[in-house]
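Engineer: Shown below is the structure under consideration.
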Amino acid sequence: MSVRTPAQKRANAHMQARRRRLQALGQWQQPFVNAQPVRDHVNRMRAAGMPIRALEERLGLSAHHLDHLLFGSNGLPPGEKFEKEPAELILAFWPTLNDLPGPSRIDAAGTQRRVQALETRGFPRAAMARQLGFGKTYFQKAVASEKVTARVARAVRDLYGMWWNADPCKHGVPAWVADRTRRAADRQGFYGPLAWDDDTIDDPTALPQTDAMAPAASDGDNLAARWLMGESVILSRAERNEVLQHLFEWTTDTTAQIAARLEMSPEAAERQWHRLQQKAAADGRRLWRRAWAYRDKDLTKNEMGAAA
């Protein structure tokens, strides 16, 4: 049985004294929360292509911090409790494409849609591969697979951002090749860039706008507020953004939970939240997750005023 060192005894005494002081002030909060929601969220991120070590590094956690949470340790099963602050940090995070290590394998839907959309513009895959520095055969196989590496997905995303409205002939594609590529894309039923929303192009369940015509928004005012109150209404895009901003800013729902409520992917929800934050910053305002600091306690009147 190990014996505590003097330094460990002093640290423990300091911690206990701090706990008693905070309890006397009515400010003590339990340092641990239920581990299962955190474990489930981490596993969803792993399934989306985020490795454990990369997640720890991205969130500033120490190496192997999540091992006991996920796998257990020293013959013990996975933990039932997890530290509160790291839990809130994890639950508030969903990886974007830029967060994923290059070799991570993710769903290829967004990559395939971007490649096909560029083909409707007249860009053959050989020209894309050449521009990206990939071999033609490698690129063909990569974009035909159900999974694609984050490295390839990022490269295609960036190329799509440059070429989606470009003239192929100005990028070294002969006119006859561009015409042949467009006709082949049309025969195969590919959709052009205007058919895809940037917020949902990576969502495997999304439909092109030509197939999924946006329904007319419900009549009346305050549709976002009515939706949040549980009324069955159809939201316009602006109202969906208003709802998404409210859910991120004022609720303790995770990114995955918010995405499920709005019937979108977590990645799309996270991207839209970041866009709203950037727009607010450009207007001199700040958006942030106000509710996270109070996840496991009821707000007092003073705290509600401070949060607002």
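Engineer: Can you tell me how many residues within segment 74-109 are hydroxyl-bearing (Ser, Thr, Tyr) and either more than 29 Å from Ala166 (Cβ to Cβ) or surrounded by 20 or more Cβ atoms within 10 Å (Cβ to Cβ) (or both)?
Structural biologist: 1
Engineer: Tell me whether segment 88-104 contains one or more residues that are touching a strand residue (DSSP E or B) at 6+ places or on another chain (Cβ under 9 Å) and of a type in the set (S, T, N, Q).
Structural biologist: Yes; the residues of segment 88-104 include at least one that is touching a strand residue (DSSP E or B) at 6+ places or on another chain (Cβ under 9 Å) and of a type in the set (S, T, N, Q).
Engineer: Could you tell me whether segment 164-179 includes any residue that is more than 30 Å from Thr252 (Cα to Cα) and in contact with a strand residue (DSSP E or B) (Cβ under 9 Å, 6 or more places away or on another chain)?
Structural biologist: Looking for residues that are more than 30 Å from Thr252 (Cα to Cα) and in contact with a strand residue (DSSP E or B) (Cβ under 9 Å, 6 or more places away or on another chain), one finds none in segment 164-179, hence no.
Engineer: Here is a follow-up. State all residues of segment 119-139 that are open to solvent by 10 Å² or more (accessible area, probe 1.4 Å), in a helix (DSSP H, G or I) and hydrophobic (A, V, I, L, M, F, W, C); if no residue qualifies, say none.
Structural biologist: Ala126, Leu132
Engineer: Also, quick follow-up: Does segment 26-62 hold any residues that are without any contact (Cβ under 8 Å) to a residue 12 or more places away in the chain, over 14 Å from Pro86 (Cβ atoms) and either among the aliphatic types (A, V, I, L, M) or open to solvent by less than 20 Å² (accessible area, probe 1.4 Å) (or both), and which are they?
Structural biologist: Residue satisfying the conditions is Ala47 alone.
Engineer: Does Ala269 fit the bill of being of a type in the set (Gly, Ala, Ser), in a helix (DSSP H, G or I) and open to solvent by 70 Å² or more (accessible area, probe 1.4 Å)?
Structural biologist: No; evaluated as a whole, the condition is false for this residue.
Engineer: Is it the case that Thr205 is part of a loop (DSSP other than H, G, I, E, B) and touching a residue at least 12 places away in the same chain (Cβ under 8 Å)?
Structural biologist: Yes; evaluated as a whole, the condition is true for this residue.
Engineer: Among the residues of segment 110-118, are any at pLDDT below 95, exposed (fewer than 13 other Cβ atoms within 10 Å of the Cβ) and on the phi < 0 side of the Ramachandran plot?
Structural biologist: No, segment 110-118 contains no residue that is at pLDDT below 95, exposed (fewer than 13 other Cβ atoms within 10 Å of the Cβ) and on the phi < 0 side of the Ramachandran plot.
Engineer: Can you pull out the residues in segment 165-194 that are surrounded by fewer than 18 Cβ atoms within 10 Å (Cβ to Cβ), hydrophobic (A, V, I, L, M, F, W, C) and either out of contact with any Cys (no Cβ under 7 Å at 6 or more places or on another chain) or under 20 Å from Thr111 (Cβ atoms) (or both)?
Structural biologist: Ala166, Cys169, Trp176, Val177, Ala184, Leu194
Engineer: Starting from residues that are open to solvent by less than 70 Å² (accessible area, probe 1.4 Å) and of a type in the set (Gly, Ala, Ser), keep the ones in segment 63-73 and report whichever is farthest from His41 (Cα to Cα).
Structural biologist: Among those residues, the one meeting the criterion is Ser73.
The values are calculated or read from the model by the stated rules, or taken from the named source; none is laboratory data. Keep in mind it's a predicted model, so treat the numbers as computed, not measured. Cβ sites come from the backbone with ideal geometry, for glycine too, and all protein chains shown count toward neighbours. Ligands, DNA and RNA are excluded from the accessible area calculation, which covers all protein heavy atoms including side chains. Shrake-Rupley method; radii C 1.70, N 1.55, O 1.52, S 1.80 Å.
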